[in-house]
Structures are given as structure tokens and as C-alpha cells.
1. Within segment 85-103, identify whether any single residue is within 19 Å of GLY201 (Cα to Cα) and not β-branched (Val, Ile, Thr), and answer yes or no.
2. Would you mind telling me which numbered condition in (1) over 18 Å from ALA265 (Cβ atoms); (2) over 20 Å from the mean Cα position of the chain (by Cα); (3) among the acidic types (Asp, Glu) GLU236 fails?
3. List the residue pairs whose Cβ atoms are under 9 Å apart, where the first residue sits in segment 18-33 and is under 20 Å from ASP218 (Cα atoms), the second is of a type in the set (Gly, Ala, Ser) and part of a helix (DSSP H, G or I), and the two are 6 or more positions apart or on different chains.
4. Consider GLY127 carefully, then state whether it is under 28 Å from PHE38 (Cα atoms) and in contact with a Ser or Thr (Cβ under 6 Å, 6 or more places away or on another chain).
5. Quick one: which helices (runs of 4 or more DSSP H) lie wholly within segment 174-289 and hold at least 1 residues that are at pLDDT below 90?
6. Considering segment 293-313 alone, what residues qualify as being closer than 22 Å to PRO21 by Cβ and hydroxyl-bearing (Ser, Thr, Tyr)?
7. So if I check each of LEU122, LEU166, LEU142, which one is part of a loop (DSSP other than H, G, I, E, B), within 15 Å of the chain's Cα centre (by Cα) and of a type outside the set (D, E, K, R)?
8. How do the pairs read when you match residues in segment 185-199 that are in contact (Cβ under 8 Å) with a residue 24 or more places away in the chain with residues anywhere that are of a type in the set (A, V, I, L, M) and outside any loop (DSSP other than H, G, I, E, B), using Cβ under 7 Å and keeping only pairs 6 or more apart or on different chains?
Amino acid sequence: MTVALVAMSHSPLLGAGSPLPADIDRELTETFDTARAFVREFDPTLVISFAPDHYNGFFHELMPPFCVGFAAESTGDYDSPTGPLDVPGDLAASLAQSVLDADVDVAISRRMIVDHGAVQPLEILFGGIDAIPVIPVFVNGLAQPFAPMRRVRRLGEAIGRFAAGLDERVLLIGSGGLSHDPPVPQWATATDVQRRLLLDGKNPTPQARAAREQRVKDAAAEFVVGHSTMRDLNPEWDNRFLDTCAAGDPQRFDDYHHAEMTAAAGSSAHEVRSWVAAFSALAASGDYQVSTRYYRPIRELIAGFGLLTAAPTPTGH
């Protein structure tokens with residue numbers, strides 16, 4: 001088998017928010033073009049997608065640290081496309097069994113709901129959410145308590161070893177992060193109304209979804225002009241994390257502690273757990289090297305925005 005990786009930030013405001021400044025828009029367009037060229041050259045036959053959720057599919061009613069989807073459908077938040085993903089169910093079941101056999105606990109879903117966190121990379125890289133077979137792997141990056149990072153690494157390593165046994169060209173996608181602190185309620189400080197939504201907010205009315213999304217757009221507008229209580233972006237933390245990803249030693253991820261991450265990079269910086277799983281899966285195939293590295297703190301997207309592409313180191317290097 002062959003394997004490659006694209007890890008990238010996502011934002012619900014990318015395309016659904018206010019227009020970006022021309023220089024940022026140009027940079028992102030060029031970066032996405034580079035990533036698409038990388039994917040076209042690799043020509044994957046299967047995607048394994050590691051992504052969080054934003055209280056669209058997973059709620060405090062039942063919040064697993066990890067979940068493998070045997071089937072999945074996009075909820076269509078922030079104008080993202082709706083409909084089913086092309087999930088090879090039998091292969092996804094084999095993946096889940098392989099992970100469990102490796103002594104890593106993982107939940108399964110035969111009706112996974114995914115949101116922009118999972119589908120935005122598919123849209124950007126492939127032009128649609130059902131253009132290629134994909135196995136979605138949910139990695140909790142929003143709801144406390146969080147699994148230790150070493151367990152996220154072990155999840156990725158187990159999936160990487162499974163991928164190594166396939167007769168496929170497997171593209172690993174890690175979606176999320178980097179530093180950001182959007183207005184997502186936290187259970188410990190949420191109001192009673194918010195807690196009801198966090199507990200089981202499935203199937204909101206169109207009006208409720210629109211109001212929720214407008215609150216995020218309004219928060220971004222305030223953040224851009226400096227009239228926000230949200231924690232600021234942290235480019236230094238972001239770039240250190242990108243350095244760790246590029247280092248090729250997944251055990252270095254074990255040094256990331258959840259409380260320190262929140263304090264330094266915001267409550268939603270935990271979405272980088274998807275990157276940790278993806279890079280750990282890549283490392284299970286041996287040494288790798290990063291070929292594309294992009295980073296910019298983008299206040300309009302309420303995110304330190306990064307993108308890395310990587311592949312195993314060529315023989316002889």
C-alpha cells in the first residue's frame with residue numbers, strides 16, 4: 001500500500017462568512033491549489049478522515065473519545081453540502097475491529113452525522129463529499145473530558161498499521177485547529193438552555209440553526225476589530241505544533257496536556273487531536289517528510305490556519 005497525508009485547519013466561516021481580505025484569499029487559494037495538486041499526483045483510492053464535530057452529530061448525551069463511521073451523512077451546516085458520504089462499510093468495520101484488536105477502545109456508528117469539520121477538506125480537495133470512498137473517524141476535540149494525547153497517538157498508529165495492510169492508495173486527512181477559541185458553550189459554564197443543546201441538540205429547526213450560525217459570524221466580526229472576549233490566536237503555539245508534526249516522532253505529541261492546550265491556544269485547539277491521529281497513522285508506515293507547510297493567523301476565520309502535506313520519505317533518502 002501507499003499512503004500520504006493532508007492536515008488542514010477548517011472554519012465554518014470559510015466561504016460562509018464575510019469576504020476575506022484579498023491577500024489572505026489569494027494565499028488560501030494558492031495553498032489549496034498546491035494541496036489539490038499533491039492529492040492528484042498521489043491519486044488516492046481511499047480516504048481515512050480524522051475530524052472533530054461541533055455539536056451536530058455528537059452530544060454530551062453520549063460522547064465517545066473516538067468513533068469509526070460505518071456510514072455517514074453530512075448535516076449541511078454553514079452552507080456545506082448535505083447527503084451521504086461514500087463510506088465502504090465492510091472496510092470501515094474491519095478497521096474498527098483492527099483498532100479494537102490493538103487494545104484501543106473505539107466506538108462505532110452505523111449512522112454517523114458529520115459537519116463542516118469533516119466535509120470541508122473533502123470539498124476543497126475533491127470538489128465534493130462523495131467523490132471518493134472515505135472512512136470517517138471522529139476524534140473528540142471539543143467536549144471535556146479529553147483522552148490523553150498518547151491515546152490519540154495510539155489510535156492513529158493502530159489505524160496506520162491497518163492501512164499498511166490494504167491494497168489501496170490511502171490519503172489520511174487530519175482536519176481541525178489550530179489555536180482558536182470560538183463562542184462554543186462549555187458544559188461547566190453553560191446556561192440551562194445551552195446545556196440542553198449540548199446534551200441533545202439533534203435536528204435543530206432551520207431558524208435555530210441560522211441563529212446559531214449568525215452568532216458565530218457576529219463573533220468573528222467583533223474579533224476582527226478587537227471587540228471580543230475570545231482568547232486571541234497564538235501563532236507561536238501553532239508553529240511549535242506544526243514543528244512537532246513535521247519532526248516525524250509521534251511520541252512528542254504525548255507532551256501535550258489538555259489544560260495547558262486550552263490555556264495557551266483556546267478551547268477548540270483540541271481539534272489538533274485529529275492531526276495527531278493522522279500523523280501518527282502516517283508514521284506507522286515509517287519515516288515521512290512534509291512537502292507543503294502553510295500557516296497564517298486569520299482573525300476573520302477565528303483560527304490560526306495551517307495546512308501540511310506529507311508522505312513517506314523516498315527510499316534512499
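1. Within segment 85-103 (the criterion being within 19 Å of GLY201 (Cα to Cα) and not β-branched (Val, Ile, Thr)), the answer is no, since none of the residues qualifies.
2. Going through (1) over 18 Å from ALA265 (Cβ atoms); (2) over 20 Å from the mean Cα position of the chain (by Cα); (3) among the acidic types (Asp, Glu) one by one, GLU236 breaks only (1).
3. What qualifies is SER18/ALA220; SER18/ALA221.
4. no
5. 192-200, 206-224
6. Within segment 293-313, TYR294, TYR295 qualify.
7. On the way: LEU122 fails: part of a loop (DSSP other than H, G, I, E, B); LEU166 fails: within 15 Å of the chain's Cα centre (by Cα).
Residue meeting the stated conditions: LEU142.
8. The qualifying pairs are TRP187/LEU198.
The values are calculated or read from the model by the stated rules, or taken from the named source; none is laboratory data. Being a predicted model, the structure only gives us computed values, none of them experimental. Positions of Cβ are generated from backbone atoms using ideal geometry, with glycine treated the same way; all protein chains shown enter the neighbour counts.
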